[in-house]
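Scroll down for the structure; my scribbles are underneath it.
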Amino acid sequence: MKFDALLFDFDGVLIESEYIGNRQIADWLSAEGHPTTPEQSMAQFMGLSGPDFRAAIERWIGGPIPPSFHAAREAEDARVMAEGIAEVAGARAFVRALPPALPRAVVSSSSTRWISTHLAHLGLSDAFGTHIYSGSEHVVRGKPAPDLYLHAADALGVDIARCAILEDSPVGATGAVASGAYVIGLCAGTHCGTGHPDRLRALGVDAIAHDFEEVAALLG
């Protein structure tokens, strides 16, 4: 292993939640008179959390978010947390194949409750220990700021320059590159369409991987 620690984004890296979640956002916005495709939703909102996510929605619709939006999101979150979401192909096997002593963490814009619940669905509850970090809970500035990655590296006791980060979204890639780590733009999820690798390359990621076999080769 070329690196001393591995940091994983979660949605779109370990679980196939990005397209599902953005399709729900797009459907709701369209029904409320703001025509939006899942692709537009991903381009505008993917990777954001907390105030940044809400501000992006308000910019898109040109006004305050109706309370019904939050209710719809909560209902959708409850549904998928109960039912589970499929892994990104190869994710579970990749995590299980990591050297047991290799420090690793999840660095996500999602809540720790969301992450822990879906790790349990994947059978990976033990894979990251207590090193599950949320941009809306553990740092003041979430992605695209680099703060969450720096926080995780510090918690693991590893220099960020000796960490590799797996990120799939432009927002996440922006923060990961700014952190000073080695950044792999992972384009394995179903939400990664034509041109997605080029968008990540343009943001300065060190490498692109189309599946976890390519990730393993880059890390090895």
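The values are calculated or read from the model by the stated rules, or taken from the named source; none is laboratory data. Treat the numbers as computed from the prediction; the structure is a model and nothing was measured. Glycine also receives a Cβ, built like all others from the backbone with ideal geometry; neighbour counts cover every protein chain displayed.
The range 119-220 holds helices (runs of 4 or more DSSP H) entirely within its bounds, and those carrying 3 or more residues that are in contact (Cβ under 8 Å) with a residue 40 or more places away in the chain and either in contact with a strand residue (DSSP E or B) (Cβ under 7 Å, 6 or more places away or on another chain) or over 14 Å from residue 103 (Cβ atoms) (or both) map to 147-156, 170-179, 212-219.
Which of the following residues is at pLDDT below 95 and on the phi > 0 side of the Ramachandran plot: 195, 123?
Numbers: 123 fails: at pLDDT below 95.
After ruling out the rest, the residue left standing is 195.
Take the residues in the range 69-84 that are in a helix (DSSP H, G or I) and in contact (Cβ under 8 Å) with a residue 24 or more places away in the chain, then tell me which one is farthest from residue 23 (Cα to Cα). Among those residues, the one meeting the criterion is 81.
Scoring residue 92 on the criteria (1) modelled with pLDDT under 95; (2) assigned to a helix (DSSP H, G or I); (3) not acidic (Asp, Glu) leaves a single failure, condition (1).
For residue 78, are the conditions met, namely being of a type in the set (Gly, Ala, Ser) and not assigned by TED's automatic domain parsing to the domain that holds residue 188?
Numbers: of a type in the set (Gly, Ala, Ser): yes; not assigned by TED's automatic domain parsing to the domain that holds residue 188: yes.
Criteria met by residue 78.
Within the range 95-112, the set of residues being surrounded by 13 or more Cβ atoms within 10 Å (Cβ to Cβ), assigned to a helix (DSSP H, G or I) and touching a Leu at 6+ places or on another chain (Cβ under 9 Å) comprises just one member, 95. Does residue 36 fit the bill of being outside the structural domain of residue 132 (by TED's automatic domain parsing) and modelled with pLDDT of 95 or more? The answer is yes for residue 36.
Per-residue answers, yes or no, for (1) of a type outside the set (Lys, Arg); (2) modelled with pLDDT of 95 or more:
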{"site": "45", "(1), (2)": "yes, no"}
{"site": "51", "(1), (2)": "yes, no"}
{"site": "58", "(1), (2)": "yes, yes"}
{"site": "61", "(1), (2)": "yes, yes"}
{"site": "65", "(1), (2)": "yes, no"}
{"site": "77", "(1), (2)": "yes, no"}
{"site": "80", "(1), (2)": "yes, no"}
{"site": "96", "(1), (2)": "no, yes"}
{"site": "119", "(1), (2)": "yes, yes"}
